[in-house]
Amino acid sequence: MFRKVLEAGMRQMTDTSGNRAMLGAMLGMALGAIALGACSSSVSRVPIEPSPIAKGQAPEASLASATTVSGAAALESTTAEISADDRAAIRQLGVPLVVPTVLPPETYLSDVVVTSDPDWGKEYTLYYRSFSADRAIATCFQIEYADGGFGGPVPPNSRPIETPAIARSNGPYFIYWADNEPSSDDSPFPANAVFSDWIEVPGVPGGYRLSSGLIDSELVRACNFLDPDSAVAIASSLNRLEP
């Protein structure tokens, strides 16, 4: 019931003018916090370690100034890291497995959570971590799928993203991010949290999004949040790994 209340409070449906619905921070927190307790769920810790950073390698501030892993290489990276069991669990949801085809340097897939519940719906979350030479802890972000009922408030900061190849329409789609101020009644978002619109895919109920800093889970403890430039590049690159 706790989850249902949060979801109902933070969702709004897409309106007839074509504006894309956005999911607020509280829903993201709720999904992360209670995914492990859903009626049917699985959590996989992917045993892939990040590659060591070469001595003297320049730190990366964002994807705008960094060499990225992209295209086939990014797909192959995720293919190698996601287990057969996780693939099967996502396949049972009846939706495509969607992954980013642009990744920050030194990125690896750390966890996969798949949830299916007859009352609350179907979801999966891919947890990514990246490392840079100038930071002691990882930068974390997630690619999420949910099967419907989106909406809620959004931060005042936004930038358009290039419409992903999988999208049902040409958008527009946006990245949103919070300012540095701590969350409050006026701004319920954690400081520096960033997330995208939900990307709708033809023939697929619900949608996919990128988020960083919204999920309250032990899987993202002590993580830096993704910067908006990187979020734009990653969200724009979403594509199917499997039909």
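Rundown of residues vs (1) within 20 Å of residue 212 (Cα to Cα); (2) in a loop (DSSP other than H, G, I, E, B); (3) touching a Leu at 6+ places or on another chain (Cβ under 9 Å), yes/no style:
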| site | (1), (2), (3) |
| --- | --- |
| 72 | no, no, no |
| 76 | no, no, no |
| 85 | no, no, no |
| 90 | no, no, yes |
| 94 | no, yes, no |
| 98 | yes, no, yes |
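Show me the strands (runs of 3 or more DSSP E) entirely contained within the stretch 136-234 in which 2 or more residues are surrounded by fewer than 20 Cβ atoms within 10 Å (Cβ to Cβ). Let's see the steps before the verdict.
Values: elements: 139-146, 157-161, 173-177, 194-196, 207-212.
In the stretch 136-234, 157-161 are the strands (runs of 3 or more DSSP E) which contain 2 or more residues that are surrounded by fewer than 20 Cβ atoms within 10 Å (Cβ to Cβ).
Within the stretch 102-115, which residues are surrounded by fewer than 24 Cβ atoms within 10 Å (Cβ to Cβ), part of a loop (DSSP other than H, G, I, E, B) and either among the charged types (D, E, K, R) or touching a helix residue (DSSP H, G or I) at 6+ places or on another chain (Cβ under 7 Å) (or both)?
106
When the stretch 74-92 is examined, which residues are found to be free of Cβ contacts under 8 Å to residues at least 12 places away in the same chain and either open to solvent by 60 Å² or more (accessible area, probe 1.4 Å) or closer than 24 Å to residue 106 by Cβ (or both)? Reasoning before the result, please.
Step one: of the stretch 74-92, the residues free of Cβ contacts under 8 Å to residues at least 12 places away in the same chain are 76, 84, 88.
Correct list: 76, 84.
Answer with yes or no whether residue 123 is under 26 Å from residue 205 (Cα atoms), touching a strand residue (DSSP E or B) at 6+ places or on another chain (Cβ under 8 Å) and not hydroxyl-bearing (Ser, Thr, Tyr).
Spelling it out, residue 123 is indeed under 26 Å from residue 205 (Cα atoms), touching a strand residue (DSSP E or B) at 6+ places or on another chain (Cβ under 8 Å) and not hydroxyl-bearing (Ser, Thr, Tyr).
The values are calculated or read from the model by the stated rules, or taken from the named source; none is laboratory data. All figures in this text were calculated on a predicted structure; none of them were measured in a lab. Glycine also receives a Cβ, built like all others from the backbone with ideal geometry; neighbour counts cover every protein chain displayed. Please note that ligands, DNA and RNA were not included when accessible areas were found on the heavy atoms of the full protein model with its side chains. Shrake-Rupley method; radii C 1.70, N 1.55, O 1.52, S 1.80 Å.
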